[in-house]
Amino acid sequence: PYPWMRSCDIYIQPSRSEGYGIAVCEAKAFCRPVIVTDFKVAPELIDHGRDGLIASMTAESLADAVTRLASPQLREKISSQIAA
């Protein structure tokens, strides 16, 4: 999946549950802003607003998070914070 992660602007992991969320960590390794749903380990993987966004488990919340990260300034900010 690395070629796709490298070429994406945002990585979205809409899950009800994750054992750990290794794909989220891999996306962050490419300094990609991440959107995850609020599954049990999401707060361990994402610092909301710093290296991605945690959305509630609704289509509306996910759409809002995608709309927020459509802003190039926010994507750049989050990507820079991940890289740091």
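The values are calculated or read from the model by the stated rules, or taken from the named source; none is laboratory data. Not measured: the values here are computed from a predicted model. Reconstructed Cβ throughout: ideal geometry from the backbone, glycine too, with neighbour counts over all protein chains shown.
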Among all residue pairs at least 6 apart or on different chains, which show Cβ distances below 9 Å where the first residue, located in region 14-33, is on the phi > 0 side of the Ramachandran plot and the second is among the acidic types (Asp, Glu) and loosely packed, with under 15 Cβ neighbours inside 10 Å? Gly21/Glu44
Out of everything in region 16-47 that is in a loop (DSSP other than H, G, I, E, B) and touching a strand residue (DSSP E or B) at 6+ places or on another chain (Cβ under 6 Å), what residue ends up being farthest from Gln81 (Cα to Cα)? Asp38
Could you grab me the full set of residues in region 50-67 that are over 15 Å from Phe39 (Cα atoms) and either modelled with pLDDT under 95 or in a loop (DSSP other than H, G, I, E, B) (or both)? Arg50, Asp51
Looking only at residues in region 1-21 that are within 14 Å of the chain's Cα centre (by Cα) and of a type in the set (Gly, Ala, Ser), which one is nearest to Asp51 (Cα to Cα)? Gly21
